[in-house]
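To keep things clear, I will list the structure first and then write my remarks on it.
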Amino acid sequence: MNNEFQPNVANDIRRIHSIITRALNVSIENIPSLRQKGTGVRDGFLNYLQCLATVINGHHLAEDEIGFPYFRDKIPEMPYDDMILQHKEMVVELEKVTAAVNAARGMNDISSSIASMPEALNSLFLLSGKNNGHQ
Ligand SMILES: [Fe+2]
């Protein structure tokens with residue numbers, strides 16, 4: 001019997017981590033060529049980045065406020081406090097991404113607006129990898 005559509009928290013956590021990792025990879029790969037794209041593609045990609053920042057932030061809030069408290073006594077060996085600290089470090093990088101997206105909206109030359117984006121996205125990728133490695 002196929003249990004693919006049965007509720008499974010472990011599969012859901014793996015799935016959202018895969019989605020976030022892929023979206024960070026797509027973002028990192030496409031940022032260098034973004035300034036040469038037409039405004040339609042650029043605006044769409046800025047929306048993609050804003051959506052990614054929102055998804056990551058929402059996922060971390062759900063883990064910090066619901067997931068970790070639930071699992072803390074069931075899987076006590078997990079470094080919940082370290083993961084919460086990593087989430088806080090990621091908030092700083094997510095704010096950089098959001099600020100860059102907002103600064104780039106409506107600009108003809110977005111070069112200076114997105115200059116900090118590669119570093120912020122790479123930091124998010126590294127922190128996310130560390131954080132997901134615990135789970
Ligand atoms: Fe997570």
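When the stretch 101-126 is filtered for residues that are within 16 Å of the ligand (Cβ to nearest atom) and either more than 20 Å from Val55 (Cα to Cα) or buried (at least 19 other Cβ atoms within 10 Å of the Cβ) (or both), only Leu124 remains.
Could you tell me which residue of the stretch 49-81 is nearest to the ligand (Cβ to nearest atom), considering only residues that are within 19 Å of Ile19 (Cβ to Cβ) and loosely packed, with under 14 Cβ neighbours inside 10 Å? Write out each step before concluding.
Restricting attention to the stretch 49-81, the residues satisfying the condition of being within 19 Å of Ile19 (Cβ to Cβ) are 49-64, 66-67.
After this cut, where a residue has to be loosely packed, with under 14 Cβ neighbours inside 10 Å as well, the list is 51, 54, 58, 61-62, 66.
Numbers: Cys51: 17, Thr54: 15, Gly58: 11, Leu61: 11, Ala62: 8, Ile66: 12 Å.
Residue satisfying both the conditions and the ranking: Ala62.
Somewhere in the stretch 7-16, is a residue surrounded by fewer than 14 Cβ atoms within 10 Å (Cβ to Cβ), more than 16 Å from the ligand (Cβ to nearest atom) and of a type in the set (S, T, N, Q)? No; the residues of the stretch 7-16 include none that is surrounded by fewer than 14 Cβ atoms within 10 Å (Cβ to Cβ), more than 16 Å from the ligand (Cβ to nearest atom) and of a type in the set (S, T, N, Q). Can you tell me which residue among Ala53, Ala62, Ala23 is among the small types (Gly, Ala, Ser) and under 15 Å from Ala100 (Cβ atoms)? Of Ala53, Ala62, Ala23, the one residue that is among the small types (Gly, Ala, Ser) and under 15 Å from Ala100 (Cβ atoms) is Ala53. When Ile20 is tested against the conditions (1) loosely packed, with under 14 Cβ neighbours inside 10 Å; (2) within 16 Å of the ligand (Cβ to nearest atom); (3) β-branched (Val, Ile, Thr), the lone failure is (1).
Looking at this structure, is Leu121 of a type in the set (A, V, I, L, M, F, W, C) and free of Cβ contacts under 8 Å to residues at least 60 places away in the same chain? First the steps, then the outcome.
Numbers: of a type in the set (A, V, I, L, M, F, W, C): yes; free of Cβ contacts under 8 Å to residues at least 60 places away in the same chain: no.
No; evaluated as a whole, the condition is false for this residue.
Computed from the coordinates by the stated procedures, all read-outs in this text should not be read as laboratory data. Just so it is clear, the structure is predicted and the values come from calculations on it, not from any experiment. Every residue, glycine as well, gets a Cβ built from its backbone with ideal geometry; the counts of neighbours run over all protein chains shown.
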